[in-house]
Amino acid sequence: MNHFIKHIGVFTSGGDSPGMNTALYAIAKIAEAKAIKLSGIRKGYEGLIDGDLIPLKSNELKKMTQKGGTILKTARSKRFMELEGRKKALKTLKTNSIDALIAIGGDGTFKGLLAFSEICDIPFIGIPGTIDNDISGTDYTLGFDSAVNTAIENIDKIRDTAESHNRVFIIEVMGRDSGYIAINSGLMVGADAILIPESGKDFIYLLDKVRNYDSEEAFLVIVSEGDEIGAELVASKIKEINGDIDLRITRLGHIQRGGNPSALDRMLGIRLGVAAVKQLVNGNKNKMVGILNNQLHLTPFEEVVKQHQVNNELMELLDLFGK
Ligand code: F6P
């Protein structure tokens, strides 16, 4: 039964991630099938405050499914953190008769929705979109798989030059406070050490390995940007052990956020986009749609903002491959 939703607004917020456009396409497709009007809100919460709306049609969006970034643009909005900003956003919804909202973003986006729900009774559904994979309630966030693919493709290239020179490379990957990108990419490229915020032993393993390093081959260290030690300090500690080591630091940076979404992210975008509209129509509100054990799963926003922990199996792999 349709809970009388006539007009959905959708926006992307926080860091863009590959797969956001695919999710928009899926949302448009099911909205049209259910005769629901769909408006895209540009630049995340900023557009919600300013009333920056555009119509979204599946026929146009289908051509964008393979594109990274977000055609709606995105932002990290300071104004929405203030009550004044949220009141303006509410006015935009009322003026445009938007009776349901879908937000695609990371934990900052969901915190924003939680605060908004205090003054706004319109139902919200969230879709996890961030390369960091740091959100509870889903095994994977939109964009994580693509980011890991980009990371491994580029680290493989670094290995070519590292092997040629027998160099130590410290490669910093993104992930904010989460080690997911580092641990996944590190395992897949055969890294000699992987440093993530969640492990206290990884640095000790690294130092042991460096003491035994004979400079006759490449040595790759993957460091998550949120790691408590960090790439620079790791480099100087290595140099302290052996000042002759030929060492370089590479930050993969924002290239990890761009590029075409992987097959997994496109499918995730399709599944979560469709699920989001269905949940609104079914009368659900203030929850995030995710995938757990390959099944659709709904999580209240309060739970979502807790960090997705790196599971025991991955931690054991880190031990095995890092030692
Ligand atoms: O949350 C996604 C992310 O790419 C993080 O991995 C990174 O720490 C951050 O965003 C970078 O943010 P910005 O693009 O605002 O510098």
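Under 8 Å for C-alpha pairs, at least 6 residues apart: give me the relative contact order for segment 1-97, rounded to a whole percent. Worked out over segment 1-97, it gives 36 percent.
Dividing the helix sum by the residues of the chain, where each DSSP H run of 4 or more adds -39500 (n - 2.57), gives a mean residue ellipticity at 222 nm of -12500 deg cm²/dmol.
Need one number: % antiparallel among DSSP beta bridges in the chain, to the nearest 5.
Close to 25 percent.
Over the chain, the alpha carbon radius of gyration divided by the compact-protein estimate 2.2 N^0.38 Å works out to 1.09.
In loop segments of segment 1-39 as defined by DSSP, the chymotrypsin sites (Phe, Trp or Tyr not before Pro) with at most 14 further C-beta atoms inside 10 Å of their C-beta are 4.
Using a probe of 1.4 angstrom and keeping all protein chains present, the accessible surface of the chain works out to 44 square angstrom per residue.
Which of 265, 244, 134 ends up with the largest GNM mean-square fluctuation for the chain, with Cα atoms connected below 10 Å? So, out of 265, 244, 134, the one fluctuating most is 244. The HN-Hα couplings worked out from phi for segment 153-161 by the Karplus form 6.51 cos²θ - 1.76 cosθ + 1.60 (θ = phi - 60°) are 4, 7, 5, 4, 5, 4, 4, 3, 6 Hz, whole numbers, x standing for Gly and Pro.
Result for the chain in a Gaussian network model with C-alpha springs under 10 Å: among 149, 284, 212, the largest mean-square fluctuation is at 212. Proximity of backbone amide H atoms, modeled 1.01 Å from N, is registered between residue 251 and 172 at under 5 Å, excluding neighbours fewer than 5 places apart on the same chain.
Separation of segment 231-291 from segment 132-204 is 10 Å, based on Cα centroids. Estimated from the Cβ-Cβ distance and a Förster radius of 30 angstrom, the FRET efficiency linking residue 156 and residue 78 is about 0.20. Expressed as a whole percent, the accessible surface of the chain that belongs to carbon and sulfur atoms is 50, based on a 1.4 Å probe. The trypsin sites (Lys or Arg not before Pro) of segment 108-161 include none that DSSP puts in a loop with a beta carbon having at most 13 other beta carbons within 10 Å.
Amide H contacts for residue 129 (H built 1.01 Å from N in the peptide plane; partners 5 or more residues away or on another chain; cut-off under 5 Å): 105, 106, 142.
Per the Kirkwood formula applied to alpha carbons, segment 193-277 shows a radius of gyration over Rh ratio, Rg over Rh, of 1.17.
The values are calculated or read from the model by the stated rules, or taken from the named source; none is laboratory data. All figures in this text were calculated on a predicted structure; none of them were measured in a lab. Cβ: placed from backbone, ideal geometry, glycine included. Neighbour counts: every protein chain shown. For the accessible areas, the whole protein counts, side chains as well, though only heavy atoms, and no ligand, DNA or RNA atoms are used. Shrake-Rupley method; radii C 1.70, N 1.55, O 1.52, S 1.80 Å.
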